[in-house]
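In what follows, a structure is listed as structure tokens, so that the remarks can point back to it.
The values are calculated or read from the model by the stated rules, or taken from the named source; none is laboratory data. Being a predicted model, the structure only gives us computed values, none of them experimental. Ideal geometry is used to build each Cβ from the backbone, glycine not excepted, and the neighbour counts take in all protein chains shown. To get the accessible areas, we keep the full protein, side chains included, count just its heavy atoms, and leave off ligands, DNA and RNA. Shrake-Rupley method; radii C 1.70, N 1.55, O 1.52, S 1.80 Å.
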Amino acid sequence: QVQLVESGGGLVQAGGSLRLSCLVSGSLFSINSMGWYRQAPGKQRELVARITSGGRTYYADAVKGRFTGSRDNAKNTVYLQMNSLKSEDTAVYYCNTIPARYSLWGQGTQVTVSS
């Protein structure tokens, strides 16, 4: 059974950086792709970054060039490095598989960017 725990969120000024982590309990090797999702107040949850089992990455246009996803299979951890943060990046960030599994949604980690 796989469980996911996100961490690393916080309050940061616009232009700042944060690094999110997602610890995956259970084997990560059985998961093809991992994704970082976010949900802003009043908005639907959206996929912002995808990291394949081989480490290839794909990004939503809104974060391309600013966010970098990566994974360390030895540590069972997926990361999201977020640079040049904007107020519109304020959201709860989640990791999950791709496609997302309902049973794996965790509490997420809050990212708040002040302008």
Q: Can you tell me which residue among L80, L85, L20, L4 is out of contact with any Leu (no Cβ under 6 Å at 6 or more places or on another chain) and among the aliphatic types (A, V, I, L, M)?
A: L85
(Q) Which count do you get for residues in the stretch 45-79 that are under 19 Å from V12 (Cβ atoms) and either assigned to a loop (DSSP other than H, G, I, E, B) or aliphatic (A, V, I, L, M) (or both)? (A) 6
Q. Taking into account only those residues within the stretch 6-35 that are assigned to a strand (DSSP E or B) and polar (S, T, N, Q), which is least open to solvent (accessible area, probe 1.4 Å)?
A. S33
Q | Candidates R38, R101 - the one that is basic (K, R), open to solvent by less than 40 Å² (accessible area, probe 1.4 Å) and under 18 Å from V5 (Cβ atoms) | A | R38
Q: Could you grab me the full set of residues in the stretch 80-112 that are in a strand (DSSP E or B) and among the aliphatic types (A, V, I, L, M)?
A: L80, M82, A91, V92, V111
**Q.** Candidate set: the stretch 73-98, residues that are among the aliphatic types (A, V, I, L, M) and at pLDDT below 95; chosen: the one most open to solvent (accessible area, probe 1.4 Å)
**A.** A74
Q: Would you be able to tell me the number of residues in the stretch 41-58 that are open to solvent by 50 Å² or more (accessible area, probe 1.4 Å) and within 11 Å of the chain's Cα centre (by Cα)?
A: 3
Q. For I31, which of the numbered conditions (1) modelled with pLDDT under 95; (2) under 14 Å from the mean Cα position of the chain (by Cα) fails to hold?
A. (2)
Q: For the stretch 34-44, enumerate the residues that are out of contact with any Cys (no Cβ under 9 Å at 6 or more places or on another chain) and more than 14 Å from A62 (Cα to Cα).
A: P41, G42, K43, Q44
(Q) Can you confirm whether Q3 is open to solvent by 60 Å² or more (accessible area, probe 1.4 Å), farther than 20 Å from F67 by Cα and under 17 Å from the mean Cα position of the chain (by Cα)? (A) yes
